[in-house]
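Visitor: I have a structure I would like to understand better, so I am pasting it below and will then ask my questions one at a time.
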Amino acid sequence: DIQMTQSPSSLSASVGDRVTITCRASQSITSYLNWYQQKPGKAPKLLIYAAFNLQSGVPSRFSGSGSGTDFTLTIRSLQPEDFASYYCQQSHSTPYTFGQGTKLEIK
Amino acid sequence: QVQLVQSETEMKKPGASVRVSCKASGYTFTDYYMHWVRQAPGQGLEWMGRINPNSGGTDSAQKFQGRVTMTRDTSISTAYMELSRLRSDDTAVYYCARDHGSHDAFDMWGQGTMVTVSS
């Protein structure tokens, strides 16, 4: 199975900050990397697919980059509604696997 | 609009089985794979498997093979996930999620079904 490692596991930031979350795959997944946001008690929401493609309706302050084994999710100018947990997911090969998550908290 | 509506909360005893349903609306059910993902309390996301609603073909994580059965009823645009021989560590929220069709991202999720396994 492909292991996905996210860092950091938690992060404190302020409204207006720029934050970056990283995700590393245990082997090359080319661009088969997706990012999700999850708020407490809610289902995950797709933000970015195929490493850098913004899902319809997602604000442009979210962006993704990377290929191969190393990927990043960047949130430019944090808004109050962005404080949530974020997960990366590889869809290169089954079993599809997720990172352990990054909890983004208000400083 | 595209919507996935799941069945209600379940409480089961160890050794029992549970079946979760996921009714799709707002799109052609047979055009997109459906995945099942679970999340134990306070934990991360775990992919269980997927079904091709058109053919009925399935693919599941080895961890669940022999215990998970995914089916669908195209006449009512509903996917099902049955998990047997339940254990306490199967306590989780179970989600269905539609495949985006590009790079197997999950673009639409059900609201989740809480399954509690306890004696």
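The values are calculated or read from the model by the stated rules, or taken from the named source; none is laboratory data. Quick caveat, the model's predicted, so the values are computed rather than measured. Counting neighbours? That spans all protein chains shown, and the Cβs are built from the backbone with ideal geometry, glycine included. To get the accessible areas, we keep the full protein, side chains included, count just its heavy atoms, and leave off ligands, DNA and RNA. Shrake-Rupley method; radii C 1.70, N 1.55, O 1.52, S 1.80 Å.
Visitor: In whole Hz, what ³J(HN,Hα) sequence does the range A:40-55 give by Karplus (6.51, -1.76, 1.60; θ = phi - 60°), x for Gly and Pro?
Guide: Karplus values, whole Hz, x for Gly and Pro: x, x, 10, 6, x, 10, 6, 9, 10, 10, 6, 6, 9, 8, 6, 5.
Visitor: Taking Rh as the Kirkwood radius, which is the inverse of the mean 1/r over Cα pairs, what is the Rg/Rh value for the range B:1-106? Intermediate values should be presented prior to the final figure.
Guide: Values: Rg = 13.4 Å, Rh = 14.1 Å.
Here the Rg-to-Rh quotient is 0.95.
Visitor: Continuing with this model, one more query. Between B:S21, B:S60, B:S88, find the one with the highest GNM mean-square fluctuation for chain B; connect C-alpha pairs within less than 10 Å.
Guide: Taking springs between Cα atoms under 10 Å, the residue moving most is B:S88.
Visitor: Moving to a separate point now. So which residue, out of A:Y36, A:Y96, A:Y86, gets the largest mean-square fluctuation from a GNM of chain A using Cα contacts under 10 Å as springs?
Guide: Taking springs between Cα atoms under 10 Å, the residue moving most is A:Y96.
Visitor: Give or take rounding to whole Å, what are the principal axis extents of the alpha carbon atoms in the range A:42-98, in descending order?
Guide: Computed over the range A:42-98, the largest-to-smallest principal extents equal 34, 25, 19 Å.
Visitor: Which net charge results for the neighbourhood of A:Q27, defined as the other residues with beta-carbon distances under 14 angstrom from its beta-carbon, given Lys and Arg at +1 and Asp and Glu at -1? Don't skip to the answer; put the middle values down first.
Guide: Working: positive: A:R24; negative: A:D1, A:D70.
Its environment carries a net charge of -1.
Visitor: Given 5 Å bins starting at zero, what is the percent of C-alpha pairs of the protein assembly as shown in each, up to the one with the largest pair distance?
Guide: 1, 7, 15, 18, 19, 16, 12, 7, 3, 1, 0
Visitor: What residues have an amide H closer than 5 Å to that of B:A16, excluding those fewer than 5 places away on the same chain, when H is modeled at 1.01 Å from N in the peptide plane?
Guide: B:L86
Visitor: Could you compute how much accessible surface B:D73 exposes when probed at 1.4 Å, giving the result in Å² to the nearest 10?
Guide: Solvent-accessible area, nearest 10 Å²: 50 Å².
Visitor: Amide H of B:H100 versus every other amide H placed in the peptide plane: which residues, excluding those fewer than 5 positions away on the same chain, fall under 5 Å?
Guide: Under 5 Å from the amide H of B:H100: B:A105, B:F106, B:D107.
Visitor: Taking the Cβ of B:S118 as the centre, find all other residues whose Cβ is under 9 Å away and add up their charges (Lys, Arg: +1; Asp, Glu: -1).
Guide: On the way: positive: B:K12, B:K13; negative: none.
With Lys, Arg at +1 and Asp, Glu at -1, the net is +2.
Visitor: Here's another thing I want to ask about it. If you average the alpha carbon positions of the range B:75-110 and of the range A:27-49, how far apart do those two centres end up, in angstrom?
Guide: Cα centroid to Cα centroid, the span is 15 Å.
Visitor: Pairs A:K103/B:K13; A:K103/B:K12; A:K42/B:K23; A:K42/A:K103; A:K39/A:K107; A:K45/B:K12: which exceed 22 Å Cα-Cα?
Guide: A:K103/B:K13; A:K103/B:K12; A:K45/B:K12
Visitor: Select from the range B:32-76 all residues whose loss of accessible area on going from the chain by itself to the full protein assembly reaches 40 Å² or more (probe 1.4 Å).
Guide: Listed in order, they are B:L45, B:W47.
Visitor: Can you run phi through the Karplus equation (6.51, -1.76, 1.60; θ = phi - 60°) for the range B:54-59 and list ³J(HN,Hα) in whole Hz, with x for Gly and Pro?
Guide: Listing the rounded values in order: 6, 9, x, x, 10, 8 Hz.
Visitor: Tell me, what ³J(HN,Hα) does each residue in the range B:11-24 have, in order and in whole Hz, if you take phi through Karplus 6.51 cos²θ - 1.76 cosθ + 1.60 with θ = phi - 60° and put x for Gly and Pro?
Guide: Couplings: 10, 9, 8, x, x, 7, 10, 9, 10, 10, 10, 8, 9, 9 Hz.
Visitor: Show the residues, 5+ positions off or on another chain, whose built amide H is closer than 5 Å to the amide H of B:M114.
Guide: Sorted by chain and number, the residues that satisfy this are B:T9, B:E10, B:Y94.
Visitor: Provide the buried accessible surface between chains B and A in square angstrom, both chains summed, 1.4 Å probe, rounded to the nearest 100.
Guide: On the way: alone 6220 and 5630 Å², together 10220 Å².
Accessible area lost upon association: around 1600 Å².
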